Amino acid sequence: MAENQEELESPQKHQLITYSSVMWPRLVTKKILGERLRSNNNFVADFPSNAEASSLLDISSLGSPSLSENNILNQRKHNFQNYKIFISTWNVGGIAPRDDLDIADWLDTPNNLCDIYVFGFQEIVPLRASYVLGSENSKISMKWNSLIREALNKKIQHCLEKQQYNNKLGRKQKTAEDEKAIFESSIPEGFRCVISKQMVGILISVWIRSDLRPYVRHPRASCVGCGIMGYLGNKGSVSVRFQLHETSFCFVCSHLASGGREGDEKHRKSDVAEIFSRTSFPRGPSFDLPGKILDHDRVILLGDLNYRISLPEATTRLLVDRKEWNALLENDQLRMELMSGQVFEGWREGLIKFAPTYKYCLNSNVYFGCVEGQKGGKWRAPAWCDRIIWYGEGLQQRLYTRGESNLSDHRPVKAIFVAQVQGQIFKL
């Protein structure tokens, strides 16, 4: 009987080994195929994606006379409006936001209202196998979107309170600032989410003024995984696109390959090439919509790009202590990539006047590795890992700075752009 049991256990053991050896590739394949099938179809928004109007008219054009072909061409050439765009990127290190986290100061909404807000996050969940291979955890992304909605719409409450205060003072004549505040306070719901998309730890969320929402068309998302086996989503990008009036926008939230050793920058360069190559959007029934990232009119890339400073760690830390940013930037890997004109040909970045954003001790303003007796974790020299760059014309950067929240080992970075947008016209 014992001999028979041993004979049974041997093939069972072999079967278990065989089963475990094939499960990993199957899980990976299933995850890859699942991401490919879902990437362009599913995203979160405050309105259904199929509720697009293909021939929306600009309110300013209502009541205008019929246009000849020459007038149409002339209007296309000169009918541009400027819109302010807020861009933010933050690697939150797998730490969920606190319930009392207030990002209103980061947005500076009472004083500096923009028309479009783009929020990019990396590592909103820990990059463990259960998150990388498992189903998407949307609870954290919903929490971030809830915080964003609350912070953005504080602007409306701020304007209403100011209006009530002025009325109590019995002002008979309103200043231009008061009129602007009252007008902005009348915007219904303030801001709406155009599109929000998550891939593992990468999240991008785009919000727009409610009165501009009717002129947003063709929102889509495209995910590219560059992580494990070159395809999983622990690294890669989530790109979103839409058309505002007659101008197409594409925002690319990326988390590139990490590593501070010599040669690691080549992996980041490879990731960028893969993202540009594999990201794709539907061209539309008339094939007149941009299909690739660089085909869009206005393109902004943001994220934890993980580029380091090509100097010895001791030299880097000394220059950081002295705040000699220019000397550090001369050896910044991303700056060198931008100047080389290869994978980032035609891309630009604003002037950096802030301290490196990585790597900090948690809940501290001290760089990791600067504390005596510090143990555990990987030593990382300070670097500007978190960046915002743009491609093409029609964008002017007005602000480029970092925040000081110590939620994670990265500091958030933000930029404000003014974008030229071509208004819509009557179609003959």
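The values are calculated or read from the model by the stated rules, or taken from the named source; none is laboratory data. Computed from a predicted model, the values in this text were never measured in an experiment. For neighbour counting, all protein chains shown are included, and Cβ atoms are generated from backbone atoms with ideal geometry for every residue, glycine included. The protein model used for the area step is the full one, side chains on, heavy atoms only, and it has no ligands, DNA or RNA in it. Shrake-Rupley method; radii C 1.70, N 1.55, O 1.52, S 1.80 Å.
Key figures for this structure:
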read-out	value
Derived scalar couplings ³J(HN,Hα) [the range 124-138; Karplus, 6.51 cos²θ - 1.76 cosθ + 1.60; whole Hz; x for Gly, Pro]	6, 10, x, 8, 8, 4, 4, 7, 5, 9, x, 6, 5, 9, 8
Using θ = phi - 60° and Karplus 6.51 cos²θ - 1.76 cosθ + 1.60, couplings along the range 350-365 (whole Hz; Gly, Pro as x)	x, 6, 8, 10, 10, 5, x, 9, 8, 10, 9, 5, 4, 6, 8, 9
Accessible area per residue, Å², the range 259-325 with all protein chains present, probe 1.4 Å	51
Highest to lowest packing among 385-394, 84-93, scored as the average C-beta count within 10 Å	84-93, 385-394
DSSP bridge pairs, the range 247-354: antiparallel proportion in percent, nearest 5	10
Accessible area of residue 336 in the full protein assembly, 1.4 Å probe (Å², nearest 10)	80
Point-charge dipole on Cβ atoms (K/R +1, D/E -1) for the range 273-376, about Cα centre, debye to 20	200
Cα gyration tensor shape for the range 255-407, rounded if a/c is under 1.5, else prolate or oblate	prolate
Solvent-accessible area, 1.4 Å probe, carbon plus sulfur percent, for the range 252-340	49
Heavy atoms of residue 212: accessible area, 1.4 Å probe, square angstrom to 10	10
With DNA, RNA and ligands ignored, accessible area of residue 405 (1.4 Å probe; Å², nearest 10)	40
Members of 359/414; 235/292; 197/269; 143/353; 84/269 lying beyond 22 Å, as alpha-carbon distances in this model show	197/269; 143/353; 84/269
